[in-house]
1. Select from segment 46-78 the residues that are touching a residue at least 24 places away in the same chain (Cβ under 8 Å), of a type in the set (Gly, Ala, Ser) and either in a loop (DSSP other than H, G, I, E, B) or farther than 15 Å from GLN14 by Cα (or both) and list them in ascending order.
2. When segment 22-51 is examined, which residues are found to be open to solvent by 80 Å² or more (accessible area, probe 1.4 Å), among the β-branched types (Val, Ile, Thr) and within 12 Å of the chain's Cα centre (by Cα)?
3. For segment 45-66: of the residues being of a type in the set (S, T, N, Q) and within 13 Å of VAL34 (Cα to Cα), which is modelled with the lowest pLDDT?
4. Taking ILE19 as meeting all but one of (1) over 18 Å from ASP4 (Cα atoms); (2) in contact (Cβ under 8 Å) with a residue 24 or more places away in the chain; (3) in a helix (DSSP H, G or I); (4) open to solvent by less than 60 Å² (accessible area, probe 1.4 Å), write down the number of the exception.
5. Sort out which residues of segment 1-13 are assigned to a helix (DSSP H, G or I) and open to solvent by 30 Å² or more (accessible area, probe 1.4 Å), and write them in order of number.
6. Assess whether GLY69 counts as being small (Gly, Ala, Ser), exposed (fewer than 11 other Cβ atoms within 10 Å of the Cβ) and modelled with pLDDT under 95.
Amino acid sequence: MSVDLDRSHPVWRQVAEVISKRIADGTCPPGSRVPGIVELSAEFGIAASTAQKALAHLRDTGEGRTELGLGTFVADSK
């Protein structure tokens, strides 16, 4: 899936919004693994640090949880 990013807005936030939409529409159901830094970097053509910031935002908002050494997963529904 190719996504056009508006480089005049924070790219990490746009990537986080795309992942949030995938969570909301069921593409990424609760408990599923979210693409990691390498996958996000390749998919969106972004730096690893940008992908890392997008994943951190998902954790901060409670949409994602990280399991050390395994990756980031969609948080279970409340």
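The values are calculated or read from the model by the stated rules, or taken from the named source; none is laboratory data. Everything quoted here is computed from the prediction, not taken from an experiment. FYI the Cβ positions are ideal-geometry reconstructions off the backbone, even for glycines, and counts take in every protein chain you see. The protein model used for the area step is the full one, side chains on, heavy atoms only, and it has no ligands, DNA or RNA in it. Shrake-Rupley method; radii C 1.70, N 1.55, O 1.52, S 1.80 Å.
1. Within segment 46-78, GLY64, GLY71, ALA75, SER77 meet the criteria.
2. VAL38
3. The qualifying residue modelled with the lowest pLDDT is THR66.
4. Result: ILE19 fails condition (1) only.
5. Selection gives TRP12, ARG13.
6. Answer is yes for this residue.
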